[in-house]
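A short write-up of the structure that comes next.
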């Protein structure tokens, strides 16, 4: 039976929180080289499609992107190309047979500027909530160090609200770190919604 068309609200210049996880919470990243390959593929397809990544976090069994879609049709094309290419790499590398991803990705449109930083914060705190690291700057597979330490990251186009966090780069880095590192009580509820 063919899939029903997506009913997502995607339009030119829209911003989305995109979530995708491995089938049955399966680890889609086993080794550091897997994360690196996924980042390389992401960079490759960013150049093909009109997509900007503001924030991201790659976890062993799921991924989060906060992205701006410049052309409406490019979101689905970008995600399909990226996930197919990475699945091919994974199958070849690990002699894996079967589906890698749990169905279609989920995307949630961000319609208020006030949620841009809050969504970024939620995305980047994943390794802390999962208790993978105690210090978020120790986790190399997210955009946190780009904003908090000015670390180079070719995937990132700066979040439009980042500039509002201070007058100088150091002030913005400090304020961003403080903002992200402050826990919020609702985070577990969001994890339940995303079924992470």
Exercise for the section: Taking residue 116 as the residue in question, decide whether it is more than 24 Å from residue 34 (Cβ to Cβ) and in contact with a strand residue (DSSP E or B) (Cβ under 7 Å, 6 or more places away or on another chain). Expected result: yes
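Here are some residues: 86, 43, 99, 90. Which one is farther than 23 Å from residue 121 by Cα and surrounded by fewer than 17 Cβ atoms within 10 Å (Cβ to Cβ)?
Values: 86 fails: surrounded by fewer than 17 Cβ atoms within 10 Å (Cβ to Cβ); 43 fails: farther than 23 Å from residue 121 by Cα; 90 fails: surrounded by fewer than 17 Cβ atoms within 10 Å (Cβ to Cβ).
Checking each option against the conditions leaves just 99.
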Problem - Residue ranges of strands (runs of 3 or more DSSP E) in region 31-144 with at least 1 members at pLDDT 95 or above - result: 51-58, 62-69
Practice task
Determine if region 136-145 includes at least one residue that is without any contact (Cβ under 8 Å) to a residue 12 or more places away in the chain and surrounded by fewer than 17 Cβ atoms within 10 Å (Cβ to Cβ).
Solution key: yes
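Would you mind finding the one in 78, 38 that is touching a residue at least 24 places away in the same chain (Cβ under 8 Å), surrounded by 21 or more Cβ atoms within 10 Å (Cβ to Cβ), in contact with a strand residue (DSSP E or B) (Cβ under 9 Å, 6 or more places away or on another chain) and within 20 Å of residue 13 (Cβ to Cβ)?
On the way: 38 fails: within 20 Å of residue 13 (Cβ to Cβ).
Result of the check over 78, 38: 78.
The values are calculated or read from the model by the stated rules, or taken from the named source; none is laboratory data. Because the structure is a prediction, the values reported are computed rather than measured. Every residue, glycine among them, receives a Cβ derived from its backbone with ideal geometry; neighbour counts consider all protein chains shown.
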